[in-house]
Structure formats: structure tokens, C-alpha cells
There are 2 protein chains.
Amino acid sequence: MSKLPSDQNAAAALRHVAFVGAGPGDPDLLTRKAYGALLAADVVIYDRLVSGPILDLCRAEAAMISVGKEGFGPSKPQADINALLVEHGQSGLRVVRLKGGDPTVFGRLDEEIEALDAAGIGWEVVPGITAASASVAAIGQSLTKRGRNQAVRFMTAHDMQGFAEHDWHALAREGEVAAVYMGKRAARFVQGRMLMHGAAPATPVTVIENASRPDQRIISSSIVRLEADLAKAGLSGPALMFLGLAPRAAQMELQEGIAL
Amino acid sequence: MSKLPSDQNAAAALRHVAFVGAGPGDPDLLTRKAYGALLAADVVIYDRLVSGPILDLCRAEAAMISVGKEGFGPSKPQADINALLVEHGQSGLRVVRLKGGDPTVFGRLDEEIEALDAAGIGWEVVPGITAASASVAAIGQSLTKRGRNQAVRFMTAHDMQGFAEHDWHALAREGEVAAVYMGKRAARFVQGRMLMHGAAPATPVTVIENASRPDQRIISSSIVRLEADLAKAGLSGPALMFLGLAPRAAQMELQEGIAL
């Protein structure tokens, strides 16, 4: 067999992209599978929210391609990202599409899978620790608790048209717990909707910035104080907002010098 | 300094329990941090849902204590588990409390944290991949999708009194997505509530048994067929039920010989 067809066969066998969850930022919170995929990758196509220490795990020879996606700032159009995935996915190289958190939670995974399916390129999804999970661990609370809430919601405060509408009436009930992703700029909106639908003004709200990273901050607030507390805190990193959860006292003591 | 006080100081410094998420079962889906905690543990207090290959990672010298908790079967009362944690937590040994999935999702974490707090024993929470995340990765779908759902619910079909009530009217709406934990025996209840609240009979429901394990099974069903399909499938392992999600075609092709 000549070398060329054999190489082509190898390339055909490796027409594949791994969607890998980078987790919240701490490299120790990568799954072992995600870690293995990063160490082996020839090409890594990553979002801006992926932390530096995680990118540093990749091989020096790997092609690192930033697509700059995050909640707001500038980013490549989704169609360009899809085209990049298809281009590299058919190269025969080991391609990792690295997404912050878990790829299946507010990760716009479907658009990218559909582009690969249309091009006949295989893929797999390697789960990651989602920000809600790391954030709730940081404040020593559970997402669900017997006698308090038998359900938890992961939601975003934004949709394609602007602020997203939700069952605010249900969310405003005592004992409800929800994790609001990309909620930083929606504090006033969430505060208004919750109060309008009858939430107690003292309902706890906790914002965790840079969960699991060395610069993690915990802001313990309430519905009525939320906008003022966030303005004072001046968040700059990725943040997750919990409606209905306050940090355990011990967790607040661990945190130094947050002036609120 | 004599040896005894020094040992006592070391023991005091190690009055600590790590709540570690074992993830859904595949040892490769442990986080690197969880893996490190298991390799170092002197005592591992684990639930029945934790998979054999994960328990096998622990050191041969580690004391392995099963507390047998799972959705239904026999198990130690929670007070006994709390007492075990306090007893070992003050031993100065490296103690891991290993819970299936993520400790913060239907993990009854709070009761155990409160027992340690009351005894002045330190703790930390090491997140795990929750079953919903591994299950949705297995069917190639997202928990959230632009234009379909801006929120996803993790819920259980059971509470302390029996079947749990939820916002069935909201859950029955087109495009809603929910992950039902421990939902296997509640299929008839969920089916009834969804239909009563106006869900389309053809609303997709997918059940993933043994997510991420070698014996993983995917049952693609719908609200109206749910009870019959589950009876036919005869599930025996842990299972998660998605309301509002169907597997991608490619994922069903990967699965061999499920007769439904």
C-alpha cells in the first residue's frame, strides 16, 4: 500500500472533534478524561472564558485558536466557529473544542454539533463541572435540599432578544433555588422581576465571581440590596448568581477582605 | 516536643472531611481533584451508587465503609452516617465522604455538613459531574439551547412524603427541558401529571440508565409511551429521565441492540 492512501485512511478515521468541558477554571476541576484530551490535542479551539492555567496544560506544539466567545465582548460569529470546526475536524488531527464549564450548559453546543453532522465529522462530548456546581461548593450549600427545594433551575438572564423572561412568580416563592448564568448585568432586571412577583426583599442572593479560581469572590446579598451590592463590588470576571441561597457562615469567614 | 502532643496537633489540623463527587460511574469522569483525594484517603465512606471501578482506585490500606444509600433499597439512617463522619472526621486520618454524581445535587449534603459544623470539624466540597451532565452528553444534546429553552430544571420525582409536586403546567410547555433524578419508579406519575397539564403526548422523553458506564442504555420514548417503554426495558441500574429531549439520531445508531 502506498503511503498516501494509508494516510488518507488514518485521516478519515480521525475525522473527529471532542467537545471538552474545561470546568470553572481550576485545572484540578478538569475531569481526567478532559485532561487526557487536552494533553493529546493537536488543535485546541477555545473560548475566552477558559482559564490560562488550563490552556497552559496543552502541548507547546498544539495549535491554539481563540474564538473569543463570552457573555458580551466581541467574538467570532457562530458560522465562522462552525467553519473552523469543520475545517480542522476533517484534518485527521486531534481536535478539541474547549468550552468553559460544561459544554451542554449555555454552551451553544447544538449549532456546532449540527455543523459537524452536516459535514460527516464525528464528535463526542466530554462533560465538565458547570459553574453552578463549583459555585455552590464554594459557599457550602447544596443546589437541592430535602424540605426546601426538590428542584433547582439553571437559567440565563439573557436571550437572543435581550433579557429573558422566566416563571418569576415561581422563582419568587420561598425556598426556590436558581442559578443565574451570565447574570451580572441583569441584576436590576432580576431584582425588579423578583420583587414584582412577590419575592421577600430579604430573599438571599449570592454572587460568586471567578468560582474555583485564585481570585474567587463571594458576594452575599439579598434581592433588595442586589443592585447596590454588585455596583459596590465592581465585578470584572465571570460570575454566577444564586437566587435563594446564602453562603454558610464558615465559608464567609474563609474569604478575606471583601468590603461590602 | 514529645511525640504525643505533636501527633495530637497533627490530628487537630486534620479534623477534616472531604465531600467528594464520584461522578456518574466512569472513573475518567472523576475530576483530577477527586481522583487525588481518593488516592490519598485513609477512610472512604461511600454510597452504594458509587461504581466499583471508582472504589477500586482507593488504596488497599484504606478503610472502606459502605453506608448503602440509594434511591430506595435499605440504607443506614442519616443520623448514623452523620455519627460515622464525626467519628472519623476527628481521627486525624484523611477522610473522604464519597457521593455519587455531584454532592450538591440530591446528595443530602446539608445534613452531613451540619453534623460536622456542630462537632467543629472542617470540610470541603469537591464537585462531581452530575448524572444530568453525563446523560445529556451521551445523547448528544444540550441541557439548554438558544431559541428552545433558557432554563433547565434538575428535579426529583420523590420527596419525603412520596411523589413530589412540581410546576407541571410549566414543565408541560413545548421546549421545556427537565432532568428527573431517581425518576424510574415515578414514570406513571410523571406521565399522568404531564398529560393532565397539557403536554403533547409525543413530547420526547429519554431515559439514560447507567450513564457513562459500560452498560449504559438509552431509552428513547415519549410522554404517552413512557410507562410501557420503561416496563419493556426493565431498568435495574440508576437512571435519569429527561423530559423534552430526544437523543440525536447518531447517538441512537451508536447504541446496539436495545429492543424497544
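The values are calculated or read from the model by the stated rules, or taken from the named source; none is laboratory data. Quick caveat: nothing in here was measured; it's all calculated off a predicted structure. Every residue, glycine as well, gets a Cβ built from its backbone with ideal geometry; the counts of neighbours run over all protein chains shown. To get the accessible areas, we keep the full protein, side chains included, count just its heavy atoms, and leave off ligands, DNA and RNA. Shrake-Rupley method; radii C 1.70, N 1.55, O 1.52, S 1.80 Å.
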Let me have the relative contact order for the range A:10-126, percent, based on Cα pairs under 8 Å that are six or more residues apart. 42 percent
Run lengths n ≥ 4 of DSSP H only: what is the helix-derived mean residue ellipticity at 222 nm for chain B, with -39500 (n - 2.57) per run over all residues, to the nearest 500? -8500 deg cm²/dmol
Phi angles of the range B:239-247, converted by Karplus (6.51 cos²θ - 1.76 cosθ + 1.60, θ = phi - 60°) into ³J(HN,Hα) in whole Hz with x for Gly and Pro, give 9, 10, 10, 9, 8, x, 10, 10, x
With chain B treated as a Gaussian network of Cα nodes joined by springs under 10 Å, which of B:T156, B:T130, B:T144 yields the largest mean-square fluctuation? B:T144
Label spacing, shortest first and in nm, from A:L93 to its equivalents in the remaining copies (7 angstrom along Cα→Cβ): 5.0
The protein assembly as shown, convex hull of Cα, quarter of hull surface, nm² -> 27.1 nm²
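Find the percent of Cα-Cα distances in the range A:75-193 that exceed 16 Å, and round it to a whole number.
Values: 4911 of 7021 pairs.
Everything past 16 Å amounts to 70 percent.
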Defining the label point at 7 Å along Cα→Cβ, can you sort the distances from B:L57 to the same site in each other copy, shortest first, in nm? 1.2
Phi-based couplings in Hz for the range B:147-155 (Karplus 6.51, -1.76, 1.60; Gly and Pro marked x): x, 10, 9, 9, 8, 10, 10, 9, 9
How far is helix B:187-196 tilted off the main Cα axis of chain B, in degrees rounded to 10, range 0 to 90? 50 degrees
Over the protein assembly as shown, with the other protein chains present, what is the accessible area per residue in square angstrom, probe 1.4 angstrom? 41 Å²
Let me check the size of the range A:10-126 from its C-alpha atoms; what are the radius of gyration and Dmax in Å? 12.9, 40
Can you list residues from other chains, or at least 5 along the same chain, whose modelled amide H is less than 5 Å from the amide H of B:I65? B:V44, B:I45, B:Y46
Mind listing the label-point distances from A:G175 to the same position on all other copies, shortest first, one decimal in nm, points 7 Å along Cα→Cβ? 3.0
What is the helix-to-structure angle for B:78-89, meaning the angle in degrees between its Cα long axis and the longest Cα principal axis of chain B, kept from 0 to 90 and rounded to the nearest 10? 40 degrees
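What is the calculated FRET efficiency for A:F189 to A:Q78, with r their C-beta to C-beta distance and R₀ = 30 Å, to the nearest 0.05? Don't jump to the answer; show the numbers that get you there.
On the way: r = 25 Å, r/R0 = 0.82.
According to the calculation, E is roughly 0.75.
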Estimated vicinal HN-Hα couplings, Hz - the range A:210-219 in sequence order (Karplus 6.51, -1.76, 1.60; Gly, Pro = x): 6, 3, 6, 8, x, 9, 4, 10, 10, 10
Can you pull out the GluC sites (Glu not before Pro) in the range A:20-109 that DSSP calls coil and that have at most 16 other Cβ atoms within 10 Å? A:E61, A:E70
Take the solvent-accessible surface of the protein heavy atoms, probe 1.4 Å, and return the percent of it on the range A:13-161 that carbon and sulfur atoms account for. 51 percent
A student asked for the Cα radius of gyration and Dmax of chain B in angstrom ought to give 20.5, 75
